[in-house]
1. Please find the FRET efficiency linking THR135 to SER158, where r is the Cβ-Cβ separation and R0 is fixed at 35 Å, and quote it to the nearest 0.05.
2. How much length would be gained if the chain were fully extended between ILE201 and ASP5, taking 0.36 nm per residue of separation minus their Cα-Cα distance, in nm to one decimal?
3. What area, in nm² and to one decimal, does the C-alpha convex hull of the stretch 117-210 cast on average over all directions?
4. Relative contact order for the stretch 70-126: what is it in percent, counting Cα pairs under 8 Å that are at least 6 residues apart?
5. Please compute the length gained on full extension between GLN18 and SER56, using 0.36 nm multiplied by the number of residues separating them and subtracting their Cα-Cα distance.
6. Within the stretch 1-22, what residues put their amide N at less than 20 Å from the label point 7 Å along the Cα-to-Cβ vector of SER110?
7. Which shape class, rounded, prolate or oblate, goes with the stretch 129-168 when its Cα gyration tensor gives a ≥ b ≥ c as root eigenvalues, a/c under 1.5 marks rounded, and past that a/b bigger than b/c marks prolate?
Amino acid sequence: MGIGDATVIDVHAHVRLQATNGAAGRHGPEFGTDENGKPWYRVGNYKLVGVKHTGSPFTDPELRLAKMGSSHIDFQVLSPSPLTYFHHIELPEALAFCQRHNDAMAELVSRYPDRLGGLAALPMQDPGAAVEELTRGVRDLELWGAAIGTEFAEPLHSAKWDRFYETLVALDVPLFIHPAPAGIDGPPGDPNLKRFDLDIIVGFGAQEAIAVATLVFGACSTVIRSSTSGSVTAGERCRSWSGGSPKRRRSALGRPPSTRKTARSRNAFSACGSIRT
């Protein structure tokens, strides 16, 4: 069975690849066990404690396939862990990590082509480097698209990303946009979000809303104008925007759009959840 025969497809499946350990230099990633026997995983100045790393579906493909079977999932599209986007570190380290990640991702999914597909990690510090690694990932490694965070130096609607979006269209592949906890390798974010896991419960939703609004009112205005059926689905909360009601659509399209023409693809921007075909 391949994706064409699958009934349930999980397109929101993160993976941690052992080959990437230390690939970003001093930023990691690395893992271990503390004095109390609790597992930890470190990325930059962020340390996740208590989440099992080794011997879990995150890292063991056989355990992943077994879990897919018990959950009646026929196919998964794997994407980088949001903890390892590395969008704010130095470009050489970010590029080194992405290249090693994508090589390892391609090797993994090639072993299970009937059950797994993969998305590339990209160095979003530099639009040119992101285009090159996206192209290499899709053309040379046969990955299915790319997964990125919501925040980096150049905002999503910047004209500097035009070539990046045009490359996605030319390659005819999707872009998965997913939030990450603030402060992993960049700005710390609102300190109030450090309580009660609010950085995930509230922060992720805020990042997604800003990213989608930026695409709708900025770079993707021409996409929404030209297609009332065009949709943007974003990240962890699985909220989708397909123009909404006619009144809301007219209101949104009445706002000043970007003056730039943006390339359009039937795959445009996609994200999360399981799809039953």
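Please treat every number below as a calculation from the coordinates, not as lab data. Since we're looking at a predicted model, the values are computed, not measured. As a convention, Cβ positions derive from the backbone with ideal geometry for all residues, glycine included, and neighbour counts pool all protein chains shown.
1. The formula returns an efficiency of 0.95 here.
2. Numbers: separation 196, 0.36 × 196 = 70.56 nm, distance 3.50 nm.
Once the chain is fully extended between ILE201 and ASP5, it gains 67.1 nm.
3. The number I arrive at for the stretch 117-210 is 6.5 nm².
4. Rounded, it is 54 percent for the stretch 70-126.
5. 12.5 nm
6. From the stretch 1-22, the list is 2-3, 15-21.
7. Here the stretch 129-168 falls in the prolate category.
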